[in-house]
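Novice: Sharing a structure below in structure tokens format, with a few things to ask.
What follows is calculated from the coordinates using simple rules that are stated; it is not laboratory data. Because the structure is predicted, anything quoted here is derived from the model rather than measured. Don't worry about glycine lacking a Cβ; one is built from the backbone with ideal geometry, like all the others, and counts go over all protein chains shown.
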Amino acid sequence: MSAHDLDLQAISESFLRGYELAPQDAAAIEEMLALFEVRSLQDGEVLFREHNAGDDAFLLIRGRVSVSKCDVRGDSTSVSTLEAPSLFGHMSLIDGSPRSATCAAVGACVVSVIEQSAFTSLVRAPGARGAALRRLLIAAMSEQLAGANGRIRTIIDPPPDFPVDDETTEHGIEEANQALEGWKGRSAR
């Protein structure tokens, strides 16, 4: 499958709605999508594994992707499931950190692959495409941070019906740490 086989305008508009981007970003996102490789994935196909180096980011165009991490015992734990439209895998390109999770297709899905060199060029580009990618990155990272903050709030001040015991609290702290792991490399510098 190639970008020419897709309705790039509809996909661009789904990213605008999903990330609440400005209408002027539609054409730029559509142009970006035309530049990137499109990949069709089968159920269970792994895009990348936790701790591996990352040299590309992904735009989830169609379908769902599971996000999992290994816990302290080495067991795989589901962190979330991403639904289209989503940008993911970008933190490795931003700060050079290894992948903080494993991502795999849930059912059939379609992704657009942004390689490191194209990502770097676009992020630095002064035109509409560069601005659109920067806004998309900010929106995706803001969403990630808001989700992590929500999980931390639940740990610190659990709702009355939330079952709290030592194991739940330990798991919650571990989960919050995992959610924020992508930010750790930046703040530690």
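Novice: Once you have the Cα-Cα distance between Glu143 and Thr81, take 0.36 nm times their residue separation minus that, and quote the gain in nm to one decimal.
Specialist: 20.9 nm
Novice: Using the alpha-carbon centroid of each, what span in Å lies between segment 1-63 and segment 98-166?
Specialist: Each part's Cα centre sits 14 Å from the other's.
Novice: Which one, His51, Ile155, Thr120, projects farthest toward the positive side of the charge dipole computed for segment 3-187 from Cβ point charges (K/R +1, D/E -1)?
Specialist: So the residue we want is Thr120.
Novice: Quick one, can you get me the convex hull of the C-alpha atoms of segment 3-187 expressed as volume per residue in Å³?
Specialist: 129 Å³
Novice: How large is the charge dipole for segment 3-187, taken about the Cα centre, if only the Cβ atoms of Lys, Arg (+1) and Asp, Glu (-1) carry charge, to the nearest 20 debye? Please list the in-between numbers first.
Specialist: Values: 16 positive and 28 negative charges, 130 e Å.
Dipole about the Cα centre, nearest 20: 620 debye.
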